[in-house]
Amino acid sequence: MFGSGKVMIGLAGCGYWGRNLARNLYQMGHLAAVVDPSAKALKEVKKSYKGVRTGSDFDSLLEDGKIKAVALAVPAAQHYALAKKALKAGKDVFVEKPLALKVPEAEELVLLARRTKRILMVGHILEYHPAILKLKEFVDQGELGELHYVYSNRVNLGKVRQEENILWSFAPHDISVILLLMGQLPEWASTSGQHYLQHEIADVTMTCLAFPGRPRAHIFVSWLHPFKEQKLVVIGSRKMAVFDDVIKDGKLKIFDKGIEWKDGQPVIRQTAESTLFFPEMEPLREELAHFVDCVRTRKAPRTDGANGLRVLRVLDACQRSIDSGGQPVRI
Ligand SMILES: NC(=O)c1ccc[n+]([C@@H]2O[C@H](COP(=O)([O-])OP(=O)(O)OC[C@H]3O[C@@H](n4cnc5c(N)ncnc54)[C@H](O)[C@@H]3O)[C@@H](O)[C@H]2O)c1
């Protein structure tokens, strides 16, 4: 079914991140209503977005026949319940990462979306970042050679959360990109985590993901760190790539470097460094445009429920590893 007219979307949750969704959806002409129990959040919406209905009742989005889809930017603990309710009410659903907190809940959402023929998309935003898409193209074309290892650092001072630890707050991004580049699930995960600021809520975690064969990925996330870094480094048998999302220009670089063996000795090979250019696009805008396109054309989103479930399986294994003191957990 190809819908005619504008796809109208109801947004639930207009806090720190939901504000960005509201701005983009409004600018794109798709924002019909915003619900949030916070009067302060709604006041901002009323002031900035004329003609957008506001309220505190989530069900009012589901009862509105003009609203075709809902976007959820509520705390992760509510993703499952609200997504389920929305799918059952016949709405297409965009849900922020992570899809749910428990694997069986995410499995249920994936099945429910399939059964009700609704679109279910997860906000793994980096999969819509033009630099990541370029990097993926490079990897798939074999430009880097065989992937040896990847590491991803996502560290900053703040934003400290009380409802979830750093792993669940930051690492879904790193995991989704790593799964995209590797094209498969890891066999096992081991994560060490420690808390310093709050009881039992890890501020820093270090994860190792082991993929079939030799590829490895390392993820370091922290909200207790003196400066911001969002850096992904990919080491291949032919070349190496660095994606630095904090710098403004030259975010994606390819290094034609490596180690070669000459007369039984390791010798550094170091030639050109090149910066890859990609179209300047706001990843969130790309992500939401993709969602709207999927709602219209009924095609499965690139980051559909199954994709969100894969990321959740890895997160779940990492959390179980933290709980067992860093023991490897099979996925
Ligand atoms: N993609 C990204 O880069 C990114 C970045 C930050 C947060 N997030 C995700 O966005 C979601 C929200 O995070 P945040 O940082 O904005 O949190 P937040 O606490 O700042 O905002 C959450 C908002 O949801 C509202 N809310 C709570 N229950 C609700 C309900 N039942 N119905 C409607 N509104 C409700 C709260 O009042 C609050 O305004 C989380 O899932 C988080 O993982 C994604």
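The values are calculated or read from the model by the stated rules, or taken from the named source; none is laboratory data. Every value quoted in this text rests on a predicted model; they were computed, and no experiment measured them. Note that each Cβ is placed from the backbone with ideal geometry, even for glycine, and that neighbours are counted across all protein chains shown.
Only one of the numbered conditions (1) touching a residue at least 40 places away in the same chain (Cβ under 8 Å); (2) among the β-branched types (Val, Ile, Thr); (3) in contact with a Phe, Trp or Tyr (Cβ under 6 Å, 6 or more places away or on another chain) is violated by Val35, and that is (1).
I want to confirm something. Restricting to the stretch 143-170 and keeping residues that are within 11 Å of the ligand (Cβ to nearest atom) and more than 27 Å from Gln184 (Cβ to Cβ), which single residue is surrounded by the fewest Cβ atoms within 10 Å (Cβ to Cβ)?
Ranking the candidates gives Gln162 first.
Gly65 meets the conditions (1) more than 11 Å from the ligand (Cβ to nearest atom); (2) under 24 Å from Glu164 (Cα atoms) in every case but one. The failed one is (2). Taken over the stretch 81-98, the criterion of being touching a His at 6+ places or on another chain (Cβ under 8 Å) and acidic (Asp, Glu) is satisfied by Glu96 alone. Considering the conditions (1) hydroxyl-bearing (Ser, Thr, Tyr); (2) over 26 Å from Ala77 (Cβ atoms); (3) under 20 Å from the mean Cα position of the chain (by Cα), Ser222 is excluded by exactly one of them, (2). The set of residues in the stretch 80-98 being in contact with a helix residue (DSSP H, G or I) (Cβ under 6 Å, 6 or more places away or on another chain), in contact (Cβ under 8 Å) with a residue 60 or more places away in the chain and either surrounded by fewer than 23 Cβ atoms within 10 Å (Cβ to Cβ) or of a type outside the set (A, V, I, L, M, F, W, C) (or both) consists of Asp92, Lys97, Pro98. Scanning the stretch 172-195 for residues that are away from the ligand (no atom under 16 Å from the Cβ) and polar (S, T, N, Q) returns Gln184, Ser190, Thr191, Ser192, Gln194.
Here's the yes/no breakdown for (1) in a strand (DSSP E or B); (2) under 22 Å from the mean Cα position of the chain (by Cα):
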site	(1), (2)
Val177	no, yes
Leu180	no, yes
Pro186	no, yes
Gly193	yes, yes
Thr205	yes, yes
Ala217	yes, yes
Arg238	no, no
Asp249	no, no
Ser274	yes, no
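If the condition is being basic (Lys, Arg) and buried (at least 18 other Cβ atoms within 10 Å of the Cβ), then the stretch 54-79 contributes only Lys68.
Pairs meeting the criteria (first residue in the stretch 281-292 and in contact (Cβ under 8 Å) with a residue 24 or more places away in the chain, second residue among the aromatic types (Phe, Trp, Tyr) and buried (at least 17 other Cβ atoms within 10 Å of the Cβ), beta carbons under 7 Å, at least 6 apart or on different chains) are Pro283/Tyr128; Glu286/Tyr128; Glu287/Tyr128; His290/Tyr128; Phe291/Phe94. With the structure loaded, tell me whether Leu101 is assigned to a helix (DSSP H, G or I) and of a type in the set (A, V, I, L, M, F, W, C) or whether it fails that test. Judged against the criteria, Leu101 is not a match. Just wondering, is there one or more residues in the stretch 248-269 that are of a type in the set (Gly, Ala, Ser), at pLDDT 95 or above and surrounded by 17 or more Cβ atoms within 10 Å (Cβ to Cβ)? Looking for residues that are of a type in the set (Gly, Ala, Ser), at pLDDT 95 or above and surrounded by 17 or more Cβ atoms within 10 Å (Cβ to Cβ), one finds none in the stretch 248-269, hence no. Only one entry of Leu109, Leu101 meets the criterion of being in contact (Cβ under 8 Å) with a residue 24 or more places away in the chain and either closer than 17 Å to Leu179 by Cβ or buried (at least 23 other Cβ atoms within 10 Å of the Cβ) (or both), and that entry is Leu109.
Can you find even one residue in the stretch 45-61 that is in the same structural domain as Asp293 (by TED's automatic domain parsing), assigned to a helix (DSSP H, G or I) and within 8 Å of the ligand (Cβ to nearest atom)? Checked against the condition, which is being in the same structural domain as Asp293 (by TED's automatic domain parsing), assigned to a helix (DSSP H, G or I) and within 8 Å of the ligand (Cβ to nearest atom), the stretch 45-61 yields no hits at all.
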